[in-house]
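> Pasting a structure below so you can have a look.
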Amino acid sequence: MDVHNVYLDRVVGRIDQLPTNELVEIAFAGKSNVGKSSLINTMINRKALARTSGQPGKTQTINFYNIEEKLYFVDLPGYGYAKVSKADRERWGKFIESYLKSSKQLKLIIQLIDIRHKPSELDKVMYNWIVYQGYTPLIVATKMDKINRSQVQKHVKVIKEELGLTSDSIIIPFSSQTKKGKDELWEHIDRCLEV
Ligand code: GDP
């Protein structure tokens with residue numbers, strides 16, 4: 001999709017504020033600092049519309065970006081903050097779970113994993129939890145410019161093995177710096193709009 005018009009439509013901090021949207025929703029999940037905001041900004045040709053997890057206010061909200069009045073990018077709060085209390089974690093889980101359960105328009109969840117490292121325990125828990133909620137996450141391996149090109153397939157294989165994916169499943173290596181992977185990811189998203 002050729003993106004020109006995007007805006008942050010809603011910032012939702014509570015279950016009872018979750019919207020009932022008409023447009024297709026595509027959600028993004030990932031550990032804080034994985035490169036989620038950078039990826040969203042890359043996908044929508046913006047420098048800094050999606051806020052990074054370092055910025056206050058971002059932590060516990062679900063942000064809905066309207067893309068060309070055609071779909072929403074749903075930026076789920078990042079997981080894996082060191083300083084989060086158990087109560088906050090539980091609240092976070094309930095909040096996301098109610099979104100995943102209540103959304104009628106959520107067609108795809110994109111889970112981001114840093115290509116440099118083995119998926120963490122938390123990444124695995126998150127992946128399995130999303131599957132348990134009835135979705136098959138599309139995995140995007142971020143920051144691919146940080147490893148040697150010759151190592152990409154090796155790292156992709158490790159991610160597949162650690163998450164228990166079949167060898168033919170799709171993982172998209174992505175770089176917000178070089179924009180590699182952008183077109184391929186848009187192809188997957190565009191496909192969700194066709195059905
Ligand atoms: P978020 O917390 O998941 O939203 O992560 P951010 O998008 O804020 O990125 C965290 C850090 O990683 C920032 O310093 C980004 O500049 C950096 N970063 C994100 N994506 C890439 C990438 O594709 N390549 C490189 N080299 N750095 C990246």
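The values are calculated or read from the model by the stated rules, or taken from the named source; none is laboratory data. Owing to the predicted nature of the structure, the values given are computational and were not obtained by experimental measurement. Reconstructed Cβ throughout: ideal geometry from the backbone, glycine too, with neighbour counts over all protein chains shown.
Residue-by-condition table, conditions (1) more than 15 Å from the chain's Cα centre (by Cα); (2) within 16 Å of I110 (Cβ to Cβ); (3) away from the ligand (no atom under 16 Å from the Cβ):
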| position | (1), (2), (3) |
| --- | --- |
| I147 | yes, no, no |
| V152 | yes, no, no |
| V158 | yes, no, yes |
| T166 | yes, no, yes |
| S176 | no, yes, no |
| D183 | yes, yes, no |
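> Quick test of your reading of the structure: K86 fulfils all but one of (1) touching an Asp or Glu at 6+ places or on another chain (Cβ under 9 Å); (2) farther than 25 Å from T142 by Cα. Name the failing condition by number.
Of everything listed in (1) touching an Asp or Glu at 6+ places or on another chain (Cβ under 9 Å); (2) farther than 25 Å from T142 by Cα, K86 misses just condition (1).
> For residues in region 157-173 being part of a helix (DSSP H, G or I) and in contact with a strand residue (DSSP E or B) (Cβ under 8 Å, 6 or more places away or on another chain), which is surrounded by the fewest Cβ atoms within 10 Å (Cβ to Cβ)? Working first, answer last.
Looking only at region 157-173, we keep the residues that are part of a helix (DSSP H, G or I), and these are 157-163.
With the extra rule that they be in contact with a strand residue (DSSP E or B) (Cβ under 8 Å, 6 or more places away or on another chain), the set shrinks to 159-160, 163.
Details: I159: 21, K160: 19, L163: 21.
Going through the qualifying residues, I end up with K160.
> Taking interchain pairs and intrachain pairs at least six residues apart, which have beta carbon atoms under 7 angstrom, with the first residue in region 72-99 and on the phi > 0 side of the Ramachandran plot and the second surrounded by fewer than 20 Cβ atoms within 10 Å (Cβ to Cβ)?
Within 7 Å, the pairs are G80/S32; G80/L122.
> Kindly check whether there is at least one residue in region 13-26 that is within 12 Å of the ligand (Cβ to nearest atom) and either in contact with a strand residue (DSSP E or B) (Cβ under 6 Å, 6 or more places away or on another chain) or more than 12 Å from L76 (Cα to Cα) (or both). Lay out the reasoning, then the answer.
Of all residues in region 13-26, those within 12 Å of the ligand (Cβ to nearest atom) come to none.
Checked region 13-26: no residue is within 12 Å of the ligand (Cβ to nearest atom) and either in contact with a strand residue (DSSP E or B) (Cβ under 6 Å, 6 or more places away or on another chain) or more than 12 Å from L76 (Cα to Cα) (or both).
Table: residues versus (1) part of a loop (DSSP other than H, G, I, E, B); (2) surrounded by fewer than 15 Cβ atoms within 10 Å (Cβ to Cβ).
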position	(1), (2)
V84	yes, no
K104	yes, yes
L122	no, yes
H155	no, no
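> Could you check how many residues of region 137-153 are within 21 Å of S32 (Cα to Cα) and in a loop (DSSP other than H, G, I, E, B)?
Applying the first criterion (within 21 Å of S32 (Cα to Cα)) to region 137-153 yields 137-147.
Next, from what is left, pick out any that are in a loop (DSSP other than H, G, I, E, B): 137, 143, 147.
The number of residues fulfilling the criteria is 3.
> Condition (residue is at pLDDT 95 or above and at positive phi) applied to region 151-160: is it met by at least one residue?
Pass one, region 151-160, residues at pLDDT 95 or above: 151-160.
Next, from what is left, pick out any that are at positive phi: none.
Scanning region 151-160, I find no residue that is at pLDDT 95 or above and at positive phi, so the answer is no.
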